[in-house]
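No value in this document is a laboratory result; all are computed from the given coordinates. The structure displayed is predicted, hence computed values, not measured ones. Glycine gets a Cβ as well: all are built from the backbone with ideal geometry, and neighbour counts include every protein chain shown.
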Amino acid sequence: MQKPKVAFVVGHAQWGKSKTLRALTNESYRQRRCLIGGVEFFIRRMSNDDNPKSFVKLMETIDPTVEPNIIAALCPNFQNKEAATEAVLAALRKKGYHLFFWVMVNQYGTNAVIAAKDISRLRTFGKVEVVSGVHEAESRAKKFKRFVSNVALG
């Protein structure tokens with residue numbers, strides 16, 4: 001049996017995380033699962049910056065024997081205690097999950113970027129791929145799917 005894994009779409013609030021995941025499921029916001037490379041993934045669209053308590057509760061209670069493959073949105077806000085970014089990532093690793101981060105480094109239409117220190121922090125938890133210049137949700141979804149196929153499942 002392969003090790004359980006979580007592949008995160010990473011960005012701050014209003015960066016297109018949810019739109020990317022919706023495009024991954026053919027624009028269905030209700031679809032909770034998707035197939036990539038013959039592997040079924042459970043999808044969590046709301047991130048730790050959308051609904052912190054719900055996100056933290058799910059990640060603390062999720063069982064790798066029940067949900068071995070997860071795709072989730074994540075805000076790399078290590079400074080916000082409510083978002084509990086570091087605690088959630090540490091708990092997932094303790095359960096045996098391998099963590100993968102697909103980081104949308106810049107917000108479309110602004111000069112905002114994810115801080116290099118936050119990207120470095122993510123690297124301490126798992127494999128990171130930093131992407132920029134991908135603006136359309138469908139294009140982001142295709143690139144994320146390729147990341148999952150080649151890196152998380154590779």
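Brief remarks follow.
- Considering helices alone, the calculated mean residue ellipticity of the chain at 222 nm is -9000 deg cm²/dmol, with DSSP H runs of length four and up weighted by -39500 (n - 2.57) and normalised per residue.
- Working from Cα pairs under 8 Å separated by at least six residues, relative contact order for the chain is 32 percent.
- Inter-centroid distance (Cα atoms) of segment 1-42 relative to segment 102-123, Å: 19 Å
- Taking label positions 7 Å along the Cα-Cβ direction at both residue 111 and residue 13, the computed distance is 2.2 nm, reported to one decimal.
- When Rg and the Kirkwood Rh are both derived from Cα coordinates, the Rg/Rh ratio for segment 88-133 amounts to 1.05.
- Dividing the radius of gyration of the alpha carbons in segment 45-154 by their Kirkwood radius gives 0.94 for Rg/Rh.
- Evaluated over segment 59-110, the Cα radius of gyration and Dmax, each in Å: 12.8, 41
- This model, with +1 at the C-beta of Lys and Arg and -1 at the C-beta of Asp and Glu, gives segment 1-148 a dipole about its Cα centre of some 260 debye.
- Neighbour-count order for 46, 59, fewest beta carbons within 10 angstrom listed first: 46, 59
- In a simple Cβ point-charge model (Lys, Arg +1; Asp, Glu -1; nothing else charged), segment 78-149 has a dipole of about 340 debye relative to its Cα centre.
- A protection proxy built from the mean count of other Cβ atoms within 10 Å ranks the segments 5-18, 31-44, most packed first, as 5-18, 31-44.
- Prolate/oblate/rounded call for segment 13-58, Cα gyration tensor, a/c under 1.5 rounded: oblate
- Amide hydrogen neighbours beyond the local backbone of residue 101, cut-off 5 Å, H modeled: 8, 127, 128, 129
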